[in-house]
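Let me begin by presenting the structure, written as C-alpha cells, before commenting on it.
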Amino acid sequence: MTDAEDGPTPASDRIVGLDALRGFALLGILVINVRAFSMPEVVLTNPTAYGDLTGANYWVWFAGHVLVEGKFITLFTLLFGGGVVLFARSVESKGGPALELHFRRSGWLVAFGLAHAYLLWYGDILVAYGVCALGVVFLRDRPPRALASLGIVLLAFPSITEVASGLTVDPAAIASSWQPSGAALRAEIEAYRGGWLEQMDHRVPTALERQTSGLLGYSAWRVGGSMLLGMALFKWGLLTNDRSSRFYRWLVVGGAASGIALSLVGVWYVQANDWAAGVALFWRQFNYWASFPLAGAYIGLVMLYCRWRPDGVATRALAAVGRTAFSNYVLQTVLATSVFYGHGLGLFGGVSRVGALGVVVAIWAIQVPLSALWLRHFRFGPLEWLWRTLTYGSLQPIRNGRTDD
C-alpha cells in the first residue's frame, strides 16, 4: 500500500499505472463490501437469504457478482504481492535490512487489522494480508514462473477441499449456514442497529472465526496464492505498465471473455438448481476461478488507459486513491458503518441493493476528491504515515515540500 524507501517517492518517479490500478481496485471492493455493511452476513454467499432479489435489485446483484465479486479483491491482493517485491527491492537497494523492516511492517499491519476487525467491521482483510506476507517474502527472489506455479497450487487447495466437501457432506448439514433462521437474521439486524457494544455480539465471534478456522481453511491459501501470483506479475512487468499495448489488449479480451463466461455459467448453474444448499459449495468455484482472468482484464484496461491518458483526470484521481489506499480502505468502513450501523443512521437491513449501491457512489464521491486534496498538502495518507513511522521506528515527514507533488 505504500512504497518502501525511508523518504517519499517523488511524483515523477512513481509507477503511475500501479497507483491507478490500486485505486481502481480499492474503489471496486466497496461494491461488494457494502453488502456486508448493509445486510446480514449470509448475503455474501446466498443472496436469496435476505432482501429483495427481483427487478433492479436482481440486476445490481447480477452485475456485481459477474463483474466485481472476487475480481477486485483478487486484483488488490495481486498488487499487495507485487508490493512485497517492490518494498524489499527498495530497502535492499539502499543497503537496508529488508526482512527486518518487512516483518515489522507486516506485524503492524496485523495489529491494524485486528483493531479494524474487532472495533469496526468483521470483514477485515488486513490480518490475512499481514500474516501471509510474513511467509511469501521468503520466496521474493524466486523466478516468476516458480512463483506463479506455486501460487496456483495454493489457490487450488481451498477449491479442491470445497468440492470434496460438496461431494461428501449432507446438504442438511450446511442448510442453516446457507439459509439462517428468521430469528438468527433478526438477531444480527438488531445487533447492528444497536450501539457499538451491542454490535460486538456478532462482530467478535464472526471476526474470530474468520481469523482462525476461516484463515487456515480458506483465506491463507487464497491470499497467499494470490500474493505469489502478484509477485510473478510484478516481475513480468504486467503491474508496472512495462508490457506492450498489444499484450494488454489481448489480456483484456481473453481475460474478460473467459472470466465473464465462467461467472455466467455459475449463475446459470445455481439458478437452475433453485439456489439449493446442496450446490452451494460447487457454484462458488465458478466465480472463484473466474476472478483471476477478469482481474487480468482489469489490469490490461487500466494500463492501457494510463498509457493513453497518463496525465488525465481519471488517471490522477485513481492514482491519488491508490497512494492513500490503506487510509481509504479504513475510511470506507468508517463511512459505511456510520450509514448502516446503530451508532450512525442505523439503516442496517433496511436498504435495498439499489440503495446500497447509491451509498457506494456517495462514498466514492467523498473519497476521490478528498484523496487528491490530501496529497496536495501531504506526502502520505494518515494511516500510511503512521504505518511507515512504526515500521521505521522514527517519525516520518508528512507534509509536502511543495503543493504540486
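Figures for the structure shown
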{"quantity": "Residues THR315, THR212, sorted so that the one with the fewest Cβ neighbours within 10 Å comes first", "calculated": "THR212, THR315"}
{"quantity": "Sequence-distant residues sharing a close amide H with PHE378 (under 5 Å, placed H)", "calculated": "ASN400"}
{"quantity": "GNM top mover of VAL91, VAL60, VAL153 - the chain, alpha-carbon springs below 10 Å", "calculated": "VAL153"}
{"quantity": "Estimated distance in nm for a label pair at GLU209 and GLU100, the labels positioned 7 Å out from Cα along Cα-to-Cβ", "calculated": "4.2 nm"}
{"quantity": "Difference of contour (0.36 nm per residue) and Cα-Cα distance, SER338 to VAL361", "calculated": "6.8 nm"}
{"quantity": "Cα gyration tensor category, rounded, prolate or oblate, for segment 312-402 with a/c compared to 1.5", "calculated": "oblate"}
{"quantity": "Inter-label distance, nm, simple model (7 Å from Cα along the C-beta direction), HIS377/ALA56", "calculated": "3.8 nm"}
{"quantity": "Residues ALA111 and ASP201, FRET efficiency given R0 of 41 Å [Cβ-Cβ distance, rounded to 0.05]", "calculated": "0.95"}
{"quantity": "Point-to-point label distance, ASP274-SER177, nm (Cα→Cβ direction, 7 Å offset)", "calculated": "2.4 nm"}
{"quantity": "Order of CYS132, CYS306 under a 10 Å beta carbon neighbour criterion, fewest first", "calculated": "CYS306, CYS132"}
{"quantity": "GNM flexibility winner over the chain from LEU155, LEU119, LEU147 (Cα, springs under 10 Å)", "calculated": "LEU119"}
{"quantity": "Choice from LYS71, LYS94, LYS235 showing the highest fluctuation, given a GNM over the chain with Cα pairs closer than 10 Å", "calculated": "LYS94"}
{"quantity": "Relative contact order (%) - segment 242-369, alpha-carbon pairs under 8 angstrom, separation at least six", "calculated": "23 percent"}
{"quantity": "Helix axis angle, 196-211 relative to the chain longest principal axis, alpha carbon, degrees", "calculated": "80 degrees"}
{"quantity": "Neighbour-count order for MET303, MET200, fewest beta carbons within 10 angstrom listed first", "calculated": "MET200, MET303"}
{"quantity": "Acute angle (nearest 10 degrees) that the helix 126-136 long axis makes with the longest principal axis of the chain, alpha-carbon atoms", "calculated": "60 degrees"}
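Throughout, read-outs are computed from the coordinates displayed, never taken from laboratory work. Model, not experiment: these values are computed from the prediction. Cβ: placed from backbone, ideal geometry, glycine included. Neighbour counts: every protein chain shown.
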